[in-house]
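Asks: Please see the structure below; I have some questions.
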Amino acid sequence: MAETAEQEEILGNHGDAIVGAAGWVRLAALRARRRWTAFTLVALVVLLFAGIRWRVREMPLERDEGEYAYAGQLILQGIPPYQLAYNMKLPGTYVAYAAILRTFGETAAGIHVGLMVVNGVATLMVFLLAGRL
């Protein structure tokens with residue numbers, strides 16, 4: 001009997017009949033097609049949101065974004081976190097903003113493009129993790 005509904009769909013209603021290698025090849029082909037379809041959908045979603053964010057990349061920084069960017073600038077100047085700017089947030093965000101500022105420039109557009117890249121990478125990582133689970 002077919003082990004899954006997917007195998008049942010590919011191999012037909014053969015019950016306990018022995019299915020040849022051709023059935024397993026078709027099953028592997030269907031799985032590969034579904035995998036590429038899933039990757040394509042994730043890529044389209046990432047591109048859709050990147051396109052939306054691209055249009056507003058010049059928008060001024062919001063309250064927290066400005067705070068993170070300022071602390072990131074201080075880190076780039078060699079000033080340790082919390083020496084001149086103090087907050088109850090963990091320093092990892094400030095270090096991430098410092099990396100974004102160094103890579104994409106110290107402008108609002110640079111910060112927004114950096115966050116767009118981080119968002120796309122995080123989306124891809126969640127997709128790959130969910131695929132493993």
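Asks: Can you name every residue in the stretch 1-45 that is touching a Leu at 6+ places or on another chain (Cβ under 7 Å) and either open to solvent by 70 Å² or more (accessible area, probe 1.4 Å) or at pLDDT 80 or above (or both)?
Replies: Across the stretch 1-45, the qualifying residue is only 42.
Asks: Mind counting the residues in the stretch 93-133 that are touching a Phe, Trp or Tyr at 6+ places or on another chain (Cβ under 6 Å) and within 18 Å of residue 46 (Cβ to Cβ)?
Replies: 2
Asks: Can I ask one more? Scan the stretch 101-110 and give yes if some residue there is more than 14 Å from residue 64 (Cα to Cα) and of a type in the set (Lys, Arg), otherwise no.
Replies: Within the stretch 101-110 (the criterion being more than 14 Å from residue 64 (Cα to Cα) and of a type in the set (Lys, Arg)), the answer is yes, since at least one residue qualifies.
Asks: How about the stretch 80-102: which of its residues are among the aromatic types (Phe, Trp, Tyr) and crowded, with 17+ Cβ neighbours inside 10 Å?
Replies: 94, 97, listed by residue number.
Asks: Looking at this structure, is residue 75 over 26 Å from residue 53 (Cα atoms), open to solvent by less than 70 Å² (accessible area, probe 1.4 Å) and assigned to a helix (DSSP H, G or I)?
Replies: Yes; evaluated as a whole, the condition is true for this residue.
Asks: For the stretch 51-73, what are the residues that are aliphatic (A, V, I, L, M) and more than 12 Å from residue 108 (Cα to Cα)?
Replies: 52, 71
Asks: Note down all Cβ pairs under 8 Å where the first residue falls in the stretch 57-79 and is β-branched (Val, Ile, Thr), the second is surrounded by 13 or more Cβ atoms within 10 Å (Cβ to Cβ), and they're at least six residues apart or on different chains.
Replies: Correct list of pairs: 75/81; 75/94; 75/95; 75/98.
Asks: Let me ask something else. Name the one entry in 105, 114 that is free of Cβ contacts under 8 Å to residues at least 24 places away in the same chain, in contact with a helix residue (DSSP H, G or I) (Cβ under 8 Å, 6 or more places away or on another chain) and either open to solvent by less than 30 Å² (accessible area, probe 1.4 Å) or under 23 Å from residue 53 (Cα atoms) (or both).
Replies: 114
The values are calculated or read from the model by the stated rules, or taken from the named source; none is laboratory data. All of these numbers come straight from a predicted model, not from anything done at the bench. FYI the Cβ positions are ideal-geometry reconstructions off the backbone, even for glycines, and counts take in every protein chain you see. Side chains included, ligands, DNA and RNA excluded: accessible areas come from the protein's heavy atoms. Shrake-Rupley method; radii C 1.70, N 1.55, O 1.52, S 1.80 Å.
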